[in-house]
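Peer 1: Here you go, one structure.
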Amino acid sequence: MDQNFTDNTRMFVRYSYDDSPWARASPYGSSDPGAPAYGPQDFIRYNAVSEVDHVFSPSLVGVVRAAFSRLSNYRNPLSIGYDITQLGFPSNLQPEIGSPAAFPAVTVTGYGVNSSVSNNSGGQTLGETGVLAIAMNNYSLESNLSKTLSKHEIKFGGQFQVVQYNTLQTGDTSTNFSFTSAFTQGPNPLQATATGGDALATFLLGIPGGSVTPSPALALQTKYYAGYIQDQWRITSNFTLNMGLRYDFETPRTERFNQLTNFNSSAAVPLTVPGLNLQGALSFVGVNGVSRYESNPDKNNVAPRLGFAWQVDKKTVIRSGAGIFYADNWGVGSAPGTFGISGFTATTSVVSSLNGVQPTVNFANPYPQGLNQPTGSSLGAATLLGQSVSFYERNNVTPYAM
């Protein structure tokens, strides 16, 4: 919609919507919930913009623009909603696992599952548990003024944005069960041989291995501020010089529930080892005086620009330019794990046996001790000591190109 309010004011409004289904039609029938495949995937985009242009004078023009955009990306396993009690697992297991309720990834050593379908994600497994749920909102407000002064055309303005990013992703095998020949091999049950045992026999006995690794949902946000001034100076009839200066500042990410992790290399470790001064432990945003920001603010992002255009003759123009350009801080990936979430997710592995001979689990009770629960920031520096961790470096700065 384009509307003139007065002779020198113009308003422009635009809205668009795009629903782009990706593989809506499932390649498998609903009667095959064990197929190692993703279900339908939907990309949905909304865009809206409103702009007001005003001519203050023949040499001064102003623009104010507000915009909103949303991109969402959803995909579930083909077997989403599957009741795992149909496989013999206990009814209390799925509530402990959480999302997704789907046919778990099952592997039987020596037995494979092959498919030529493009969204086959499980490789040599039955089942698929990968959930993808992403939604990004971008709110933007910007304005600028253009002023003509003799041989100068000066532009200056500013921009403010709020970027919200919500993400939940679980692995293709976040809930998995595996079967090997370990409990059917012999004559020595603790020693594997080329001919002893069969994984399918272990499967028929109902003695699983495997693990569960849930993932938290993150609600992330940054704010972006920018201001600039530019002068296009027509020095002569055939030579124009462009000079500009821009300042960018994007706040570090925050998460609504502070589910973000850093690493403090100088933190005292709550362990005592004679002769060693142990240091280095996880730290958590919003705890013990640590800012809710995932990294330290990078406020020195000054970006000069310089260029020229020189018309040598009627058929030749030489142009050149240089500048510094700052990027955003969202380039680390889309999965929650890439943002550093150690402490907010916990893996539980099936302990099939204490002595390698007598099984301690079965289909009806694969996790007799229950699932490990994330400790969050409650354990402080003692979180995941001696285990693998992922975190985001607080000293990261805004990337730039020259």
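The values are calculated or read from the model by the stated rules, or taken from the named source; none is laboratory data. Fair warning: this is a prediction, and the values are worked out from it, not measured in the lab. Cβ: placed from backbone, ideal geometry, glycine included. Neighbour counts: every protein chain shown. What goes into the accessible areas is simple: the full protein's heavy atoms, side chains included, and nothing from ligands, DNA or RNA. Shrake-Rupley method; radii C 1.70, N 1.55, O 1.52, S 1.80 Å.
Peer 1: Out of all the residues in region 343-351, is one or more open to solvent by 60 Å² or more (accessible area, probe 1.4 Å), of a type in the set (Ser, Thr, Tyr) and without any contact (Cβ under 8 Å) to a residue 24 or more places away in the chain?
Peer 2: Looking for residues that are open to solvent by 60 Å² or more (accessible area, probe 1.4 Å), of a type in the set (Ser, Thr, Tyr) and without any contact (Cβ under 8 Å) to a residue 24 or more places away in the chain, one finds none in region 343-351, hence no.
Peer 1: Give the residues of region 196-254 that are of a type in the set (Ser, Thr, Tyr) and farther than 30 Å from ASN396 by Cβ, sorted by residue number.
Peer 2: Result: THR202, SER211, THR236, SER237, THR240.
Peer 1: I'm trying to understand the selection: among the residues of region 268-285, which are touching a residue at least 60 places away in the same chain (Cβ under 8 Å) and open to solvent by less than 90 Å² (accessible area, probe 1.4 Å)? Show your work before the answer.
Peer 2: Residues of region 268-285 that are touching a residue at least 60 places away in the same chain (Cβ under 8 Å), as a first pass: 268-271, 281-284.
The answer is ALA268, VAL269, PRO270, ALA281, LEU282, SER283, PHE284.
Peer 1: I'd like the residue in region 363-402 that is under 18 Å from THR345 (Cβ atoms) and part of a helix (DSSP H, G or I) and, out of all such residues, is farthest from the chain's Cα centre (by Cα).
Peer 2: Result: ALA382.
Peer 1: Checking the condition closer than 27 Å to GLN369 by Cβ, among the small types (Gly, Ala, Ser) and open to solvent by 50 Å² or more (accessible area, probe 1.4 Å), which residue from ALA199, ALA217 passes?
Peer 2: ALA217
Peer 1: Sticking with this one: Give the residue that is nearest to GLN369 (Cα to Cα), with candidates limited to residues of region 65-94 that are touching a Ser or Thr at 6+ places or on another chain (Cβ under 9 Å), open to solvent by less than 60 Å² (accessible area, probe 1.4 Å) and in a loop (DSSP other than H, G, I, E, B).
Peer 2: Filtering first and then ranking leaves SER79.
Peer 1: Now, a different point. Quick one: count up the residues across region 220-232 that are open to solvent by 20 Å² or more (accessible area, probe 1.4 Å) and either small (Gly, Ala, Ser) or under 21 Å from TYR139 (Cβ atoms) (or both).
Peer 2: Qualifying residue count for the region: 6.
Peer 1: Right, here's the next one. If I filter region 354-373 for residues that are open to solvent by less than 60 Å² (accessible area, probe 1.4 Å), β-branched (Val, Ile, Thr), on the phi < 0 side of the Ramachandran plot and in contact (Cβ under 8 Å) with a residue 24 or more places away in the chain, do I get at least one hit?
Peer 2: Within region 354-373, one or more residues are open to solvent by less than 60 Å² (accessible area, probe 1.4 Å), β-branched (Val, Ile, Thr), on the phi < 0 side of the Ramachandran plot and in contact (Cβ under 8 Å) with a residue 24 or more places away in the chain.
Peer 1: Keeping to region 227-273, report how many residues are among the basic types (Lys, Arg), over 28 Å from the mean Cα position of the chain (by Cα) and under 29 Å from ALA327 (Cβ atoms). Can you show your working first?
Peer 2: Filtering region 227-273 for residues among the basic types (Lys, Arg) gives 234, 246, 253, 256.
Within this subset, residues satisfying the condition of being over 28 Å from the mean Cα position of the chain (by Cα) are 234, 246.
Next, from what is left, pick out any that are under 29 Å from ALA327 (Cβ atoms): 246.
Counting residues in region 227-273 that are among the basic types (Lys, Arg), over 28 Å from the mean Cα position of the chain (by Cα) and under 29 Å from ALA327 (Cβ atoms) gives 1.
Peer 1: Given the conditions (1) touching a Gly at 6+ places or on another chain (Cβ under 7 Å); (2) in a loop (DSSP other than H, G, I, E, B), and given that GLY307 satisfies all but one, which numbered condition is not satisfied?
Peer 2: (2)
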